[in-house]
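K.L.:
My questions will all concern the structure given below.
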Amino acid sequence: MSTSGSFVSIENEQKVYAIGDIHGCINTLKALLDQIDYKGQWPLFLLGDYVNKGPSSFDTLNFIIDLKSRFPKVFPLAGNHDQYLLSLLTRDDDDWLDSSEYANMKRYEEYQTVSDHNKRLFVDFLLSLPLYYETETTFFVHAGFNFERKSIFDDTRAMVNTRAFHYDARKASNKRLVHGHFPVELAIMRKRIERKFPVIPLDNGCVYSGERKDMGSLCCLELNEMKLFTQPRID
């Protein structure tokens, strides 16, 4: 299991970016970073699910590991598919995992051929990922929080797995919540951003290009101006 959470001070940053679920679409990710002209100068929060479903899980992991090593303002967090991979690589059949997704990953040839060197690299990276980041104004989390608990930090499984929650401003310290995990149409995403909703989803189902209406892009939100950038899948 990844570490629980981490506070990041971004009080004086002119720009703050967050990117939703990547799922092995490394070329789409690179195009999106080019679109925002990202060179490590601003905080960049990655909302998890770097692997699985798309074509290049390990290339994507290597790219993000390199990005984080070069730019201290890159903040990746853990998603449920990243936890599946961690469990697979460490042979830890943790019972909180979704059994069908985990079983599917076991069958993928890519996951069976990882070298020992890369296995150690990936395990160390995945173990280092927090389940959420908190700033002065915002929580970044893969899936969400369990607001039914007395403290939203008690349920760590919800942070990577929940698909439904009722936002409670008091329990969230009146902070905005930015998350991924379940695909949302661009129209809904834009409406929430324009109307300044306290909960902003950023997963547009990049891997579902051509399969689901109004989906198929990797999304990036600049939080100070609340500007949404979209990159249609090119992988």
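Nothing in this text is a laboratory measurement; each read-out follows from the coordinates by a stated rule. Values in this document were obtained by computation on a predicted structure and should not be read as measured data.
K.L.:
So what's the back-of-envelope 222 nm ellipticity for the chain, counting only DSSP H runs of four-plus at -39500 (n - 2.57) apiece and dividing by all residues, rounded to 500? Kindly include the intermediate steps, with their values, before the conclusion.
P.N.:
Working: 8 runs with 76 residues, N = 235.
Taken over the chain, the calculation gives -9500 deg cm²/dmol.
K.L.:
Where a Cα-Cα gap under 16 Å defines reach, which lysines qualify for residue 30, not counting those fewer than 8 residues away within the same chain?
P.N.:
Reachable lysines: 39, 68.
K.L.:
So, one more: Looking only at the chain, where both bridge partners belong to it, what percent of the DSSP beta bridges are antiparallel (to the nearest 5)?
P.N.:
The answer is about 45 percent antiparallel.
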